[in-house]
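Encoded as structure tokens, the structure appears first; notes follow it.
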Amino acid sequence: MYLNIVFLPLLGSFFGGLFGRFLGPYGSGIITTTCVMGSLLTSCFAFYEVGFSGAPCYITLLTWFNSEYLCADWGFMFDFNSDYANRCYFHFEFSSFIF
């Protein structure tokens, strides 16, 4: 659900741009507006869930690199303390061994 906030407008612009000639101006306008409105509805639901209910969500899209002591991931962070709800973040995870 949270990734739909980011990827629905991207998907709408993709279809509107590549298939706009086949869909016409009215059809591509309907598709792009529908995708943006879907993103609006899911962002309102995510704002309620994260902002008022206090349920943070961390989504890791891919691991950039992973060594013995350092793991760097690309992903999204949706939490109450963020300035913006759908901000990309770069996550470092340090692990240490206790002997």
Query - region 15-56, residues that are under 13 Å from residue 5 (Cα atoms) and not aromatic (Phe, Trp, Tyr) - result: 34, 35, 36, 37, 38, 39, 40, 41, 42, 43, 44, 46
Report task. Would you confirm whether any residue within region 24-42 is surrounded by 12 or more Cβ atoms within 10 Å (Cβ to Cβ) and closer than 19 Å to residue 77 by Cβ? Result -> yes
Query raised in the report: Among the residues of region 13-32, which ones are within 19 Å of the chain's Cα centre (by Cα) and in contact (Cβ under 8 Å) with a residue 12 or more places away in the chain?
Result: 13, 15, 32
Query raised in the report: Taking region 57-99 as the region of interest, how many residues are at pLDDT 60 or above and basic (Lys, Arg)?
Result: 0
Requested in this report: Mind listing just one residue for me: the one in region 46-63 that is surrounded by 13 or more Cβ atoms within 10 Å (Cβ to Cβ) and aromatic (Phe, Trp, Tyr) and, of those, farthest from the chain's Cα centre (by Cα)?
Outcome: 47
Report summary line: Listed by first then second residue, the pairs whose first member lies in region 57-71 and is part of a strand (DSSP E or B), whose partner is of a type in the set (A, V, I, L, M), with beta carbons under 6 Å and at least 6 positions apart or on separate chains, are 58/77; 64/72; 65/72
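Got a number for residues in region 57-82 being aromatic (Phe, Trp, Tyr) and within 16 Å of residue 6 (Cα to Cα)?
4
The values are calculated or read from the model by the stated rules, or taken from the named source; none is laboratory data. Computed from a predicted structure; not experimentally measured. Cβ atoms come from the backbone with ideal geometry, glycine included; neighbour counts cover every protein chain shown.
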